[in-house]
1. Using a 1.4 angstrom probe with every protein chain in place, what is the largest-first accessible-area order of 246, 292?
2. For n ≥ 4 DSSP H runs only, could you compute -39500 (n - 2.57) per run for the chain, divide by its residues and tell me the 222 nm figure to the nearest 500?
3. What ratio of Cα Rg to 2.2 N^0.38 Å holds for the chain?
4. Return one whole number: the accessible area per residue of region 41-175 in Å², for a 1.4 Å probe.
5. Quick one: Kirkwood hydrodynamic radius for region 144-226, alpha-carbon pairs, angstrom, one decimal?
6. Kindly report the accessible area of region 225-381 per residue (heavy atoms of protein chains, probe 1.4 Å, no ligands, DNA or RNA), in Å².
7. When only the heavy atoms of the protein chains count and the probe is 1.4 Å, how do 323, 132 rank by accessible area, highest first?
8. Tell me the carbon and sulfur percent of the accessible area for region 274-381, rounded to whole percent, probe radius 1.4 Å.
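The values are calculated or read from the model by the stated rules, or taken from the named source; none is laboratory data. This one's a predicted model, so the numbers in the text were calculated from it and none came from an experiment. For the accessible areas, the whole protein counts, side chains as well, though only heavy atoms, and no ligand, DNA or RNA atoms are used. Shrake-Rupley method; radii C 1.70, N 1.55, O 1.52, S 1.80 Å.
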Amino acid sequence: MAKPSVVVVGAGVFGAWSALRLARAGWRVTLVDAYGPANGRASSSDHSRVIRAGYGAIDIYTRWATESLADWHWLSRQADIPLVEECGALFLGEPGSAHLADTAQTLSAAGVAHERLTASAVASRFPQIGVIGLGEGVLESRGGVLRARRGVQAAVAVALAAGASYQQARVLPLDESASAPVVRLSDGGTLSADHYVCACGPWLPALFPQAVGARIRPTRQEVLYFGVPSGDARFGVAHLPAWIDFASGLYGIPDLDAHGFKVGIDRHGAAIDPDGADRIVGADVVQIARTFFARRFPALLHAPLVDAHVCQYENTATGDFIIDRHPQWANVWVVGGGSGHGFKHGPAVGKHVTDLLAGRAEVEPRFALAGTAVEAARAVY
Ligand SMILES: Cc1cc2nc3c(=O)[nH]c(=O)nc-3n(C[C@H](O)[C@H](O)[C@H](O)COP(=O)(O)OP(=O)(O)OC[C@H]3O[C@@H](n4cnc5c(N)ncnc54)[C@H](O)[C@@H]3O)c2cc1C
């Protein structure tokens, strides 16, 4: 019997892991990307991403992150590239933070190793961190950092080794009123398969203006890399965890591969066109980071900016993913809405997509298109 076929559109983290899982499950996979795996415009670009299982009270992300961590290690072995640094993930909260209490409770219920630290325990464990205004911390010992771009490219390489093929081409917006999907390419070609997995990140509204449209809003997000003090290893992954400071809305990644101390601002920025936007960071953002350093990382107050990156979140209203059938076609799958936290979950998303196509899983209500609101009401942090 002929193997079933699938076209995966988008070689970001969601599409790459979907292609990998489907190819290993015996599907004939064609992976297509307009610009290349983890290209400089994609949400999955850049050097690093945080991996952590703590998500407040929302346990599906805790479970998926935990499963995904094991799979990122598996991919590291397959590709012979160290993709994971388990330097820990430290959540920093205001006094009495309900989010931190919920996070600790969910991690306990899921059996994820963590410690609750008072502000003074944070200061003695990590003297690099200033604790003014800090309530407490939750430290997830097996959280840490993923090498993002290399991870996506490794997933594509392993998918190709498992029999998938890759094509660089742009899929044109689909005619959503047609009785069957017709996948046309910008070079005039077409692609046809039994199923279509569309994992186009911030481009999903352009591909499906009706089914997705305003349900995903791409916003401009800036990350900064600061040079660490000369001869000082305290800000590297060997000595510091990745961290999220909920009160300020800033998060960061310690110096990884000598790239610099990374800081990002999690607050949603202005709307962005992922194709045409120039990617130049604003001086105001650098100032926000420096003001924060004065309180939280005083030794970096005068650290020079050594690199910067403008990316985009592809936000759903709540921050939940969309993983569902297109309302018009049973064999077209919309996979996206990573909303600033999706990267780590790539392996679990790929597995869920594979199970959905094989009829082994139901659409998870949290990720249903029909349930996705348009008005922003962020609930996932
Ligand atoms: C600054 C920043 C920091 C983040 N930090 C974290 C973090 O620490 N931890 C975490 O887990 N997550 C984080 N995220 C979120 C995470 O990176 C994203 O949710 C995730 O990468 C989204 O992946 P994706 O595959 O859906 O989209 P993308 O990576 O954007 O991939 C979509 C792909 O589809 C291709 N494509 C689009 N349209 C077409 C078309 N018509 N035809 C052909 N190809 C097409 C594009 O070229 C692209 O390669 C962060 C995101 C940003 C921007």
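1. 246, 292
2. That comes out to -8000 deg cm²/dmol.
3. This ratio for the chain stands at 0.97.
4. Roughly 41 Å² per residue, with all protein chains present.
5. Evaluated over region 144-226, this radius sits at 15.7 Å.
6. On a per-residue basis, 40 Å².
7. Output order, biggest surface exposure first: 132, 323.
8. 54
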